[in-house]
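Enquirer: Here it is: the structure, laid out below.
The values are calculated or read from the model by the stated rules, or taken from the named source; none is laboratory data. If you're wondering where the values come from, they're calculated on a predicted model, not measured in any experiment. In case anyone asks, the SASA skips ligands and DNA or RNA and just uses the protein heavy atoms, side chains included. Shrake-Rupley method; radii C 1.70, N 1.55, O 1.52, S 1.80 Å.
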Amino acid sequence: MKYLKRGMEASSVAENDRKVREVVEATLADIEKRGDEAVRELSIKFDGWDRDDYRLTKAEIDGCLNSLSKRDIEDIEFAQAQVRNFAQIQRAALQDVEVEALPGIILGHKNIPIQAAGCYVPGGKYPLLASAHMSVITAKVAGVPRVVTCAPPYKGALAPAIVAAQHLGGADEIYALGGIQAVGAMALGTKSIAPVDMLVGPGNAFVAEAKRQLFGRVGIDLFAGPTETLVIADETVDGEMCATDLLGQAEHGPDSPAILLTTSEKLARETMAEIDRLLKILPTADIASKSWAAFGQVIVADSDEEMVKIADEIASEHVQVMTRDPDYFLTNMKNYGALFLGPRTNVAYGDKVIGTNHTLPTKKAARYTGGLWVGKFLKTCTYQKVLTDEASAMIGRYCSRLCDLEGFKGHAEQANVRVRRYGGDNVPYAGRAEEKGAA
């Protein structure tokens, strides 16, 4: 493995994370203490946005819809149809089960939707309406009855496209709030915003850290911090394609890692030169150049096998594979948020319109979780039912002996009382049973 370019040192990243942690901790404590007052102060401070009520009215929602062209609405509806269709396919794959595991003993599980979801839709730098599709529609397909959305104002006003996406996706409550104050208000609750049971959606480092600190008080989808992209390529593609796919994601923010992993040093150097050229003409070069300078990496490997190993260690959010055999990586890679296989697809398709969810794990969380999907909004809850006296006595005898091995006398008596009543066994009260195996 050979590095042609390295990103920021790990110690610098850790120091930045520490600063973010401290800011978020103090801010959440303030929101919990002062509620709406703190939320309003934060909204004024960070977004220059002051309202008596941050929930959008029907008239405001209608105004946003009416300000968009017919083509804009049709495009939003097309994207939402793709997301909804794939979410419905995923939901159909999740079945309740019930089985008679032993004679007279019924075991099962039900997939129960959470009752209130808070969806964060980032929009400070760009009006990211796609994030509304991914969270709101997926929650609604799962059956969540109350879906709350928060999105910051864009350039001091409502972003019509984001509002339209939230509304058309099925949001029940829409708030014009961003940042820590939005996430904190949804999770902790205020006088004007009832708390939710779960937080979902991507965001900047502060939003991601707020979700991390609130986890436990509410559920979260995953740790979705700054966008990450890994391009895996060989000599079957050119530097322009690789550079475009790297910078296309680096424009998300100045802290978005973009990494090229290749078996071709020639392609690596061509890509670096092409990045330099594109940064002179890309309209979002101001952000993308900072991200590339601080977090961009170029790695040359010896083989496809080595690229798989390196990619699994990186565990990137997005992995664009442009090699002679993309399916090799589909078969062999284990740690990634989402794969984009072949030069005909790309991360932007997944981000915006193709139908898969774009809320994906970052910061190596792909080692233990996938992205947001219908199943994240469902609780798989088990139940048990014993139908006959014989079954209760039979399972009770096993249970009593196993509880005795652990020293749980009260647990054992729960079994014993049923063995006595339903099986007719002369089992002593567990608290007086001294000898092992008395049941």
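Enquirer: Where the accessible area of the chain is counted over protein heavy atoms with a 1.4 Å probe, how much of it, in %, is carbon and sulfur? Walk me through the intermediate numbers first.
Expert: Working: 11130 of 20990 Å².
Using a 1.4 Å probe with all protein chains present, the chain comes out at 53 percent carbon and sulfur.
Enquirer: Give me, ordered by chain and number, the residues 5 or more places off Gly219 or on other chains with an amide H under 5 Å from its own placed amide H.
Expert: Amide H to amide H, under 5 Å and 5 or more residues apart or across chains, Gly219 pairs with Met198, Leu199.
Enquirer: Could you state the angle between the C-alpha long axis of helix 389-406 and the longest principal axis of the C-alpha atoms of the chain, as a value from 0 to 90 degrees rounded to the nearest 10?
Expert: It works out to around 70 degrees.
Enquirer: Still on this model: Enumerate the calculated ³J(HN,Hα) couplings along the range 87-103 in order (Karplus 6.51 cos²θ - 1.76 cosθ + 1.60, θ = phi - 60°), each rounded to whole Hz, writing x wherever the residue is Gly or Pro.
Expert: Each residue of the range 87-103 in turn: 5, 5, 5, 5, 4, 5, 6, 9, 10, 5, 10, 8, 9, 8, 5, 9, x Hz.
Enquirer: What list of ³J(HN,Hα) couplings, whole Hz, do you get for the range 274-284 from phi and the Karplus terms 6.51, -1.76, 1.60, once you set θ to phi - 60° and write x for glycine and proline?
Expert: Rounded to whole hertz, the list is 5, 4, 4, 5, 5, 5, 8, 10, 5, x, 9.
Enquirer: Report the residue, chosen from Ser12, Ser289, Ser131, that carries the largest GNM mean-square fluctuation when the chain is represented by alpha-carbon nodes joined by springs under 10 Å.
Expert: In this elastic network of the chain, the residue with the biggest mean-square fluctuation among Ser12, Ser289, Ser131 is Ser12.
Enquirer: Only Cα pairs under 8 Å and at least 6 apart count here; give the relative contact order of the chain as a rounded whole percent. Let's see the in-between values first.
Expert: On the way: 883 pairs, mean separation 78.1, N = 439.
About 18 percent, as a whole number.
Enquirer: Also, I was wondering about something else. What relative contact order, as a whole-number percentage, does the range 3-143 give when Cα pairs under 8 Å and 6 or more residues apart are counted?
Expert: On the way: 59 pairs, mean separation 21.9, N = 141.
Relative contact order of the range 3-143: 16 percent.
Enquirer: Something else now. For the range 307-439, what is the accessible area per residue in Å², given a 1.4 Å probe and the full set of protein chains?
Expert: Accessible area per residue, the range 307-439: 55 Å².
Enquirer: Rounding to the nearest 10 and keeping the result within 0 to 90°, find how far the Cα-based axis of helix 304-314 lies from the longest principal axis of the chain.
Expert: Taking the Cα atoms of the chain, the angle to 304-314 is about 70 degrees.
Enquirer: Oh, and also: Evaluate 2.2 N^0.38 Å with N set to the residue count of the range 1-55, then give the Cα radius of gyration divided by it.
Expert: Dividing the Cα radius of gyration by 2.2 N^0.38 Å gives 1.78.
Enquirer: If I build a Gaussian network model for the chain, linking alpha-carbon pairs within less than 10 angstrom, which residue out of Gly342, Gly108, Gly189 has the largest mean-square fluctuation?
Expert: Greatest mean-square fluctuation among the candidates belongs to Gly108.
Enquirer: Read phi for every residue in the range 55-64 and hand back ³J(HN,Hα) as whole Hz from Karplus 6.51 cos²θ - 1.76 cosθ + 1.60, θ = phi - 60°, with x for Gly and Pro.
Expert: 7, 6, 7, 4, 5, 5, 5, 4, x, 5
Enquirer: To check you understand DSSP bridge types, tell me what percent of the beta bridges within the chain (both residues inside) are antiparallel, rounded to 5.
Expert: 35 percent
Enquirer: Enumerate the aspartates and glutamates that Lys2 could reach by cross-link, defined here as Cα to Cα under 13 Å, with residues fewer than 8 away along the same chain left out.
Expert: Answer for Lys2, where 13 Å is the Cα cut-off: Glu265, Asp302, Glu306, listed by chain and number.
Enquirer: Sequence neighbours fewer than 8 away in the same chain don't count; with that in mind, list the lysines whose C-alpha is under 24 Å from Lys45.
Expert: Leaving aside lysines fewer than 8 places away in the same chain, those within reach of Lys45 are Lys19, Lys33, Lys125, Lys155, Lys191, Lys211.
Enquirer: Heavy-atom accessible area per residue, the range 23-95, 1.4 Å probe: how many Å²?
Expert: Heavy-atom SASA per residue in the range 23-95 reads 63 Å².
Enquirer: Turning to a different aspect of this structure: Rounded to the nearest 10 Å², what accessible area does Val39 show when all protein chains are kept and the probe is 1.4 Å?
Expert: 10 Å²
Enquirer: Could you order Glu317, Glu25 by accessible surface area, starting with the largest, using a probe radius of 1.4 Å? Write out the running numbers ahead of the final one.
Expert: On the way: Glu317 10, Glu25 115 Å².
Reading off the accessible areas and sorting them downward yields Glu25, Glu317.
Enquirer: Please count, across the range 337-409, the pairs of lysine residues with Cα atoms under 26 Å apart that sit 8 or more places apart or on different chains.
Expert: Lysine pairs satisfying the spacing and distance rule in the range 337-409 number 8.
Enquirer: How far is helix 36-47 tilted off the main Cα axis of the chain, in degrees rounded to 10, range 0 to 90?
Expert: The helix 36-47 is inclined about 30 degrees to the chain.
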